[in-house]
Amino acid sequence: PKNAIVGNVVGALVGWAVVTVASLLGFDSMEWLTAALAVSMTIAAQELLGAVHPPGGAAAMLHVVGLPLRSLGIWYAVCPTLLGTIAMVLFALLINNVSPARAYPQGWR
């Protein structure tokens, strides 16, 4: 659960930061470059935080290539990313703990 929540939020924040810096430097029209930077920087940040979650790279890329998402600005990291990930983790907790034979998560680390 930690990797999903932290990884997705880090991806959203990195995607927002890359789009913001790219627009300040004037190369925001080069989506191929900003998308590659956002995904690679997300992976590096996740490694540093010890919370690698590959779909977090998709969260970063979505902010770069999804023009409607850019209008959310930094709020993209809160909603839909953080709130959506928390909802998915809560749903996984519910579904995976219905049976007494299962225990999810095995650990929160």
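The values are calculated or read from the model by the stated rules, or taken from the named source; none is laboratory data. All values reported here derive from a predicted model rather than from experimental measurement. For neighbour counting, all protein chains shown are included, and Cβ atoms are generated from backbone atoms with ideal geometry for every residue, glycine included. Areas reflect the complete protein model, heavy atoms only, side chains present, ligands, DNA and RNA absent. Shrake-Rupley method; radii C 1.70, N 1.55, O 1.52, S 1.80 Å.
Please determine, in degrees from 0 to 90 and to the nearest 10, the orientation of helix 55-65 with respect to the longest principal axis defined by the Cα atoms of the chain, where the helix direction is its Cα long axis.
Helix 55-65 and the main axis of the chain meet at about 30 degrees.
How much accessible area per residue does the chain have, in Å², with a 1.4 Å probe? Intermediate results must be reported in sequence, preceding the final value.
Working: 6460 Å² over 109 residues.
With the other protein chains kept in place, the chain gives 59 Å² per residue.
How many nm is it between the label spots at residue 91 and residue 24, if each spot is 7 Å from the Cα in line with the beta carbon?
3.6 nm
Please list the equivalent ellipsoid semi-axes of the stretch 40-93, computed as the square roots of five times the alpha-carbon gyration tensor eigenvalues, in descending order and whole angstrom. Don't jump to the answer; show the numbers that get you there.
Numbers: eigenvalues 69, 59, 15 Å².
Semi-axes from the Cα gyration tensor: 19, 17, 9 Å.
For residue 49 and residue 67, calculate 0.36 nm times their separation in residues minus their Cα-Cα distance, and state this gained length in nm to one decimal.
Result for the pair: 3.7 nm of gain on full extension.
Using the Kirkwood radius over Cα pairs, work out the Stokes-Einstein diffusion coefficient for the chain at 37 °C and 0.692 mPa s, in µm²/s as a whole number.
Working: Rh = 14.4 Å.
Answer, rounded: 228 µm²/s.
What percentage of the solvent-accessible surface of the chain, computed with a 1.4 Å probe over protein heavy atoms, is contributed by carbon and sulfur atoms?
Details: 4830 of 6460 Å².
Ligands and nucleic acids excluded, carbon and sulfur reach 75 percent.
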